[in-house]
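Step one of this worksheet: look at the structure below.
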Amino acid sequence: MNSGEPVIRFEDVEKKFGQNTVLSGLNFDVAHGERVTLIGPSGSGKTTILRLVMTLEELTGGYIWINGAPLTHDKRGGKRVKLRTKEIAQTRKKIGMVFQHFNLFPNMSVIENIIEAPVHVLGRDKAAAKKRGLELLDQVGLGDRGDAHPTQLSGGQKQRVAIARALAMDPEILLLDEVTSALDPELVGDVLGVLRQVAEETDISMLIVTHEMQFARDVSHKVMMFDGGQVIEQGKPDDILGNPQHERTQRFLTSIL
Ligand SMILES: Nc1ncnc2c1ncn2[C@@H]1O[C@H](COP(=O)(O)OP(=O)(O)O)[C@@H](O)[C@H]1O
Ligand SMILES: [Mg+2]
């Protein structure tokens, strides 16, 4: 697993929606335990990148490798071959995603949301999954809300449940897509606090899309600036966010202040 291969490798990734080419010739690696923040204007392809890794979208060209193994498409005898659904599902188990709009199952309690995938995808014992789920809820500051219904929670609480739900799968990779963008400002801090703790206490590799630049600076090892589906510049957070070289990065950072 920790073979020196990158946890995520994008190789010549292309994504078109119909005639619209959103990503082309995209190459980058994420190392084991690395946390990478993607920044860039709306429509630059950040969400598409995360959805490709989560296999919610299918790439139209190139390859994504997870720990050196193909995610959805393999190279066989010089040909690009799509993997079988079962093979894809095997790799996807290692990957968790938290969305801007929480996406909790509305017909389930908080604890049911959390144990659903561990029980049904990983085949874990229900009682053990529940015990672990309650520990995770405790970690995100919601230890007493296991029986609550999502509609009884604030946005910030829903998002902390969504984080606990992703962690319940013991992911190697966590994808965070603007997880605080839909929250009232006073609820943002708790959610970022939980994520800072996850970053500190685990070696989960993360791809993070956020406009919270202080958070990005504190938790990420690398920042990549995207525009038009291309990497415009990348480097250490202090360099890219504090002293951007590219005019488009400067303009973008000014625009979100
Ligand atoms: N399901 C889709 N169908 C068609 N076009 C899409 C779809 N999802 C995203 N796009 C297009 O892909 C481009 C990149 O979108 P997105 O990845 O959401 O950007 P970002 O997250 O950086 O704002 C946009 O032009 C968007 O309209
Ligand atoms: Mg987006």
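Quick notes on this structure:
- Checking K46 against (1) in contact with a helix residue (DSSP H, G or I) (Cβ under 9 Å, 6 or more places away or on another chain); (2) within 11 Å of ligand 1 (Cβ to nearest atom), the condition it does not meet: (1)
- Some residue of the stretch 110-119 being out of contact with any strand residue (DSSP E or B) (no Cβ under 6 Å at 6 or more places or on another chain), closer than 30 Å to V30 by Cβ and in a loop (DSSP other than H, G, I, E, B): no
- For R76, the criteria (1) free of Cβ contacts under 8 Å to residues at least 60 places away in the same chain; (2) within 16 Å of ligand 2 (Cβ to nearest atom) hold in every case but one, which is (2).
- Verdict on S24 being in contact with a His (Cβ under 8 Å, 6 or more places away or on another chain) and more than 16 Å from ligand 2 (Cβ to nearest atom): no
- Number of residues in the stretch 222-250 that are surrounded by fewer than 15 Cβ atoms within 10 Å (Cβ to Cβ), assigned to a loop (DSSP other than H, G, I, E, B) and under 22 Å from the mean Cα position of the chain (by Cα) equals 1.
- All positions within the stretch 203-221 that are under 10 Å from L38 (Cα atoms) and either assigned to a helix (DSSP H, G or I) or among the charged types (D, E, K, R) (or both): A216
- Qualifying residue in the stretch 111-133 (condition: surrounded by 16 or more Cβ atoms within 10 Å (Cβ to Cβ), under 22 Å from V7 (Cα atoms), polar (S, T, N, Q) and in contact with a helix residue (DSSP H, G or I) (Cβ under 6 Å, 6 or more places away or on another chain)): no
- Which listed residue, of R251, R196, R165, R160, is among the charged types (D, E, K, R), modelled with pLDDT of 95 or more and over 30 Å from L134 (Cα atoms): R251
- If the condition is being surrounded by 15 or more Cβ atoms within 10 Å (Cβ to Cβ) and either in contact with a Leu (Cβ under 9 Å, 6 or more places away or on another chain) or farther than 26 Å from L187 by Cα (or both), then the stretch 134-155 contributes L136, Q139, V140, L142, R145, G146, A148, P150, L153, G155.
- Evaluating I204 against the criteria (1) touching a residue at least 60 places away in the same chain (Cβ under 8 Å); (2) surrounded by 22 or more Cβ atoms within 10 Å (Cβ to Cβ) leaves one unmet condition, (2).
- Candidates in the stretch 163-200 are the residues that are within 16 Å of ligand 2 (Cβ to nearest atom) and of a type in the set (G, A, S); of these, the one that is farthest from the chain's Cα centre (by Cα) is A182.
Quick grid of which residues meet (1) in contact with a strand residue (DSSP E or B) (Cβ under 8 Å, 6 or more places away or on another chain); (2) more than 20 Å from F99 (Cα to Cα):
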position	(1), (2)
E200	no, yes
D203	no, yes
V209	yes, no
S220	yes, no
G228	no, yes
K236	yes, yes
I240	yes, yes
E247	no, yes
R251	no, yes
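- Members of the stretch 79-107 found to be within 17 Å of V7 (Cα to Cα) and in contact (Cβ under 8 Å) with a residue 60 or more places away in the chain, listed by number: K93, K94, I95, G96, M97
- Only a single criterion out of (1) within 16 Å of ligand 2 (Cβ to nearest atom); (2) closer than 24 Å to T202 by Cα; (3) of a type outside the set (G, A, S); (4) part of a loop (DSSP other than H, G, I, E, B) is not satisfied by M97, namely (4).
- Hits in the stretch 141-194 (condition: touching a residue at least 60 places away in the same chain (Cβ under 8 Å) and polar (S, T, N, Q)): Q159, S181
The values are calculated or read from the model by the stated rules, or taken from the named source; none is laboratory data. Just so you know, these numbers come straight off a predicted model, no measurement behind them. Note: ideal-geometry Cβ built from the backbone for every residue, glycine included; neighbour counts use all protein chains shown.
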